[in-house]
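The values are calculated or read from the model by the stated rules, or taken from the named source; none is laboratory data. Treat the numbers as computed from the prediction; the structure is a model and nothing was measured. Positions of Cβ are generated from backbone atoms using ideal geometry, with glycine treated the same way; all protein chains shown enter the neighbour counts. Each accessible area value is taken on the protein alone, full model and side chains, heavy atoms only, with ligands, DNA and RNA left out. Shrake-Rupley method; radii C 1.70, N 1.55, O 1.52, S 1.80 Å.
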Amino acid sequence: MLGMIKNSLFGSVETWPWQILSKGDKGEVSYEERACEGGKFATVEVTDKPVDEALREAMPKVMKYVGGTNDKGIGMGMTVPISFAVFPSADGSLQKKLKVWFRIPNEFQSNPPAPSDDSIKIEDREGITVYSTQFGGYAKATDYVARAAQLRTTLEGTATCRSDFYFCTGYDPPMKPYGRRNEVWLVKSNE
């Protein structure tokens, strides 16, 4: 845990590689279309709990893994953003299901340490194209739902996005009180 805190305060923070394909805005909503690289991710899935509660359960597990609670005892450093997939119901509210995706830093992509916690899985994920909008503050599930709805409305008629899930992202450690960066990523549909 100490390694995780040290890494987040003083260590290197790697950004998940992506390329901006286009930018747009409509009214008060600005967005970017990004091609995000795939790779290996540490994932934790929590079900049967509201999203905010599920996140409080999943995040410490991922942070401990990154901080050195793994088979090699290695603190890997941080990759931002940390993303978590949420699963909307037909009315836009979120189901009681969440999956945290932490991109393994590049140095460990070819051979990531094995998690000591069985609830953490290492998964390969293909690259994705997303539409992203940014906002500040300490984000809660209601903030992500509202921003996702705004972005969907903004993109109507110009882009097709998946409706079964989207990503909520955060870039900052919990101890950062100001200038926080959060995003909603709607995944571009291949249809």
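Values for this structure:
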{"item": "Charge dipole (debye, nearest 20) of the chain; +1 at Cβ of Lys and Arg, -1 at Cβ of Asp and Glu", "result": "360"}
{"item": "Top positive-direction residue, dipole computed over segment 91-139 with Cβ charges, set GLN109, GLY127, TYR138", "result": "TYR138"}
{"item": "Cα gyration tensor, the chain - rounded (a/c under 1.5), prolate or oblate", "result": "prolate"}
{"item": "Computed helical MRE - 222 nm, the chain, DSSP H runs ≥ 4 contributing -39500 (n - 2.57), nearest 500", "result": "-7000 deg cm²/dmol"}
{"item": "Of the DSSP H helices in the chain, those whose Cα atoms cover at least 20 Å axially and whose Kyte score averages -1.0 or more", "result": "51-67, 141-155"}
{"item": "Distance violations [Cα-Cα > 23 Å] among LYS23/LYS96; LYS99/LYS140; LYS96/LYS140; LYS49/LYS72; LYS40/LYS188", "result": "LYS23/LYS96; LYS49/LYS72"}
{"item": "Accessible surface, 1.4 Å probe, highest first, among residues TRP18, TRP185, TRP101", "result": "TRP18, TRP101, TRP185"}
{"item": "Segment 15-188 - percent of accessible surface contributed by carbon and sulfur, probe 1.4 Å", "result": "48"}
